[in-house]
Amino acid sequence: MKRSEVILMVLQVPIDWLLLVLAGISAYYLRFADWAIQLRPVVFKLTLSDFSEVVFFVALIWVFIFALFGLYSADQNRKLARDLFRVLLACSVGLGIIALYVMFALQQFDSRFLVASGFGFAVIYISLGRILMRGVKSLLYRAGIGLRRVVIIGTEEVTVSIVDTLQNRKELGYKVIKVLEKFNKNLIPELDKLKLNEIIFTNPKADEKETLGALNFCNQRHVVFKYSADLFATYSTNMVVTALAGVPVVELKRTTLDGWGRVIKRIFDILMSILVIIITSPIMVVSALIILIETGRPIIYKNERVGLRGNNFFTLKFRSMYQKDSTGSQFGKAGLSNEEKEKELIKTNSIKSGPFYKIANDPRVTLFGRFIRRWSIDELPQFFNVLNGTMSIVGPRPHQPREVKQYEDEYSTVFTLKPGITGLAQISGRSDLSFEDEMRLDVFYIEKWSLFLDIIIFLKTPFIIFKKRRAL
């Protein structure tokens, strides 16, 4: 780690302690406010001086708990949401310890309000402190202070992507010093002069000698070594080792979503879809009426997609095209004929390459259709797909059978889960991602599934909707 990162990491400890003390004092003043005393008189004697002594000691214990929860780890790439979740968990454990102490010490202390408000202030202050610290780090990085000097080795497409990201997003804390095609011993003198902090190896197909040479170089000079995992390495993150006839056997599980995980995900889908349907029902009713007035029936467009285990189903969407241009079996022979016309339109107007297509300035879309596509209102009926079990709220993007035929063998893993209304690919670039990037994100989601990840993706989706798409 760079010295600046170590300083900020160490500085976080006393900052957290001060914020915890401030949380305790804030709770004390809140409890002894006039309105609180009128609401419930204070039946215990506790001066601010005596209370502060207790708070100083308790804050030290809580800082130790924070350390146990990894809140002072050297991981510079930890997501803010995960950091704040750990803060909540650590504070909850601290609250539990206080409750146990009060119960077993049998002290004459009757202020659950003081304890509860202290907990609330602690969560708020510590969370704000973490956000502020990240803001300070981001400003320092943008000013070119404390950037990690990195060399990237590789010629793959991912190399270009990583270089562009690190160069355009200074807040990540990297400065790309050099990009090399390969690593060899002849480069060592040159690399030594660069005073590196990290090497990122982006060529998973490199031979063993080259990879080990780069790793040894980093180990000898205390340089961080990172590498981009290939697709098989992603699968191997869910390994289960068992003994078969006395021989260790490794099973590569397709996803962590198994057993109770599927039950929990289904419950989450049902509850959230019902909630969204209730909240958005006025929007759906108005949209249906406008479509009916603008272009008539049908209001709902049934689009054939490939779902769980490769089984076909129909997604429900508000119709955004003129009837004469709509595709699919729902519109009989005309719908099938329109599919052939659509193929010609894809050749001239598609903004994506590969199996997927997105038609820019689609002339088949109605005036109101452009509006509901812009704000994803056309996809609201898909929450009924979630209720009937053909889709999930979060999952891989559902694709048409003709698209799937072009990648089914290579990326069959995406059929492990139900397709989702939203997903990791959707919040990472909506319809602007390349085919390869979208599939990598879908595979990553399948391998790393957790309820927490579903909640984060679900909460981020409304904010992504406000970003303009290239195709409507």
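Here, each number is a calculation from the coordinates, and none is a lab measurement. All values derive from a computational prediction rather than experimental measurement. Counting neighbours? That spans all protein chains shown, and the Cβs are built from the backbone with ideal geometry, glycine included.
Just to confirm a number: summing +1 for Lys and Arg and -1 for Asp and Glu over residues other than L60 whose beta-carbon lies under 13 angstrom from that of L60, what do you get? Before the final figure, lay out each step's value.
On the way: positive: none; negative: D16, E53.
Summing Lys/Arg as +1 and Asp/Glu as -1 gives -2.
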Distant-in-sequence amide H partners of E156 (H built 1.01 Å from N, under 5 Å):
none
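Can you put R266, R130, R309 in order, fewest other beta carbons within 10 Å first? Mind dumping the intermediate values first?
Values: R266 14, R130 20, R309 10.
Going from least to most buried by this count: R309, R266, R130.
Suppose the chain between A360 and L289 were pulled fully straight at 0.36 nm per residue; how much longer would it get relative to their current alpha carbon spacing?
Working: separation 71, 0.36 × 71 = 25.56 nm, distance 2.66 nm.
Result: 22.9 nm gained on full extension.
Could you tell me which of the pairs K195/K448; K324/K347; K226/K405 are separated by over 32 angstrom between their Cα atoms in the structure shown?
Details: K195/K448 35 Å; K324/K347 20 Å; K226/K405 35 Å.
K195/K448; K226/K405, as the Cα separations exceed 32 Å there.
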How would you rank 287-299, 181-193, highest first, on the average number of other Cβ atoms within 10 Å across their residues?
287-299, 181-193
Collect residues whose amide H, placed 1.01 Å from N in the peptide plane, falls under 5 Å from the amide H of Y174; neighbours closer than 5 in sequence don't count.
R148
Give the share of C-alpha pairs in each 5 angstrom bin for region 296-386, from 0 to the last occupied bin, in whole percents, shortest bins first.
3, 13, 20, 25, 24, 13, 2, 0
May I have the convex hull volume per residue, in Å³, for the Cα set of region 260-465?
116 Å³
Lys and Arg at +1, Asp and Glu at -1: neighbours of M284 with Cβ under 14 Å from its Cβ sum to 0
Tally Lys/Arg at +1 and Asp/Glu at -1 over every other residue whose Cβ is under 10 Å from the Cβ of T295; what's the total?
+2
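Fewest to most neighbouring Cβ within 10 Å: what's the order for S329, S392? Don't jump to the answer; show the numbers that get you there.
Numbers: S329 12, S392 26.
So the residues, fewest neighbours to most, are S329, S392.
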Given a Förster radius of 41 Å and the C-beta distance between K45 and F384 as r, what FRET efficiency does 1/(1 + (r/R0)^6) yield to the nearest 0.05?
0.10
FRET efficiency (A143, L22; Cβ distance; R0 35 Å; to 0.05) is 0.75
Taking I457, I279, I421, I97 and counting other beta carbon atoms within 10 angstrom, the fewest-first order is I279, I97, I457, I421
To the nearest Å, what is the center-to-center distance of region 296-313 and region 364-413, using C-alpha atoms only?
8 Å
